[in-house]
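Novice: This structure is in structure tokens; I'll ask about it shortly.
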Amino acid sequence: MRKLLIVIAVLAGLAMLTLSSSCSGRGNSGRGSLVASNSAFAAAQDVPKESKVQPKEVVLCKDSQSDKYGEVPFNHENHATKSYSADGKSVLACVECHHTDQPAAGLKAPLKTGERDVALTAAVLAAADSKPVKSCRACHLQAGDDSAPLPTITYPDKPAPTKLNNEVAYHLNCNLCHDKAIAARPDVKARKVPGSNDCLPCHKPAG
């Protein structure tokens, strides 16, 4: 009986594989693309509130409130190890994004909060006594989440402080960095790296 159940399970799996191939309307190359895509997302993970492990890939904005723009696959490993500075000559410092992970004495406006005695690096994080890194949403909450006060920033041309919720904080940091790289390096623009006005290259369509 047990052998029969195993055979049935195997046949069912083969049937599903055949069905998915025929429904795709593509040959072996199409099926390969589907497997590669699924593998990429299998490697992605939910972002914990804090961690001492650097992720390779994460999926941001899973709970997007937009009716147009959905989640954003983000390759943390590339941004942490490749020459992604605006001039393309150096690796981004961790504190470019994790801005609270540096000494308060070295902060430049508009940054206000520093929570480490030394600036965060991969080596600092790997130390046994190092505290974990908080995720962006630990401070920059989703719009409508009143569980904690939001960080704010006051711009010279705006009388009221701007609340730095999750959406605002991400777009400020990501867009400004991309825009600087596009302006400084023609090769970046040629490779169609998205800037402030390019939503869907980063976001998946909602729905």
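The values are calculated or read from the model by the stated rules, or taken from the named source; none is laboratory data. Worth saying up front: this structure is predicted, and the values here are computed from it rather than measured. Ideal geometry is used to build each Cβ from the backbone, glycine not excepted, and the neighbour counts take in all protein chains shown.
Novice: Might you check whether a residue that is in contact (Cβ under 8 Å) with a residue 40 or more places away in the chain and touching a strand residue (DSSP E or B) at 6+ places or on another chain (Cβ under 8 Å) occurs anywhere in region 167-181?
Specialist: yes
Novice: Does LEU92 count as under 20 Å from GLN142 (Cβ atoms) and touching a residue at least 12 places away in the same chain (Cβ under 8 Å)?
Specialist: Answer is no for this residue.
Novice: Restricting attention to region 180-200, which residues are exposed (fewer than 14 other Cβ atoms within 10 Å of the Cβ) and within 22 Å of the chain's Cα centre (by Cα)?
Specialist: Scanning region 180-200 gives LYS189, ARG191, LYS192, SER196, ASN197, LEU200.
Novice: Please determine, by comparing only the residues of region 107-156 that are among the basic types (Lys, Arg), at pLDDT below 95 and assigned to a loop (DSSP other than H, G, I, E, B), which one is surrounded by the most Cβ atoms within 10 Å (Cβ to Cβ). Give the steps one after another, and end with the answer.
Specialist: First, the residues of region 107-156 that are among the basic types (Lys, Arg): 108, 112, 116, 131, 134, 137.
This time we only want the ones that are at pLDDT below 95, so: 108, 112, 137.
Those still in the list that are assigned to a loop (DSSP other than H, G, I, E, B) too: 108, 112.
On the way: LYS108: 6, LYS112: 12.
Taking the candidates together, the pick is LYS112.
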